[in-house]
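Bear in mind these aren't lab numbers, they're just calculated from the coordinates by the rules spelled out. Just so we're clear, the structure is a prediction, and the values are computed from it rather than from any experiment. Ideal geometry is used to build each Cβ from the backbone, glycine not excepted, and the neighbour counts take in all protein chains shown.
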Amino acid sequence: MFGEHTMNKTLATLLATTAATFSLGAYAQTSDTMPAPGTPGTTTTTTTVTTDTVETKLVPAPGLTHSEAKDAKIESKADYKARKNIADANHDLNKADCKVTTDGSVKRACEADARAQEKKDKADANLIHKQETQDINAETK
């Protein structure tokens, strides 16, 4: 019994050290690759992580030219379409989970919740796209 406790303590120490090493490595990697904020001619992105998806919002650099603004709008529209497709896929997964795990009125309520979540995700995608477009228009020279 004493040997198991020592082994568990050693294993816990090893896991903590490994996790710290990976965390520091990931931090160093991301900080080295990020451009300086406000660098002319570059765009900055902000990333929001939720339990299901990763949202990246385009933040235009100050003073965009007409062609840069057009490119940023095209990218924003593509991101919007991708967010909508993700919402559709998540709806299909949630609906399938409802079919497998429930039946009767509980199943219908579960499917209604899945549909409501899909509508919310699509509305959020639309709001993000509109905000990005407004930000791009405000930053165009």
Sorted on mean Cβ neighbours within 10 Å (highest first), peptides 99-105, 89-95 come out as 89-95, 99-105
Counting Lys and Arg as +1 and Asp and Glu as -1 over every other residue whose Cβ sits under 12 Å from the Cβ of residue 113, the net charge comes to +3
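Net charge around residue 65, counting only other residues with Cβ within less than 12 Å of its Cβ (Lys, Arg = +1; Asp, Glu = -1)?
-1
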Flagged as over-length at 18 Å C-alpha distance, from 77/122; 73/130; 70/122; 99/122; 95/130; 99/120, the pairs are 70/122; 99/122; 95/130; 99/120
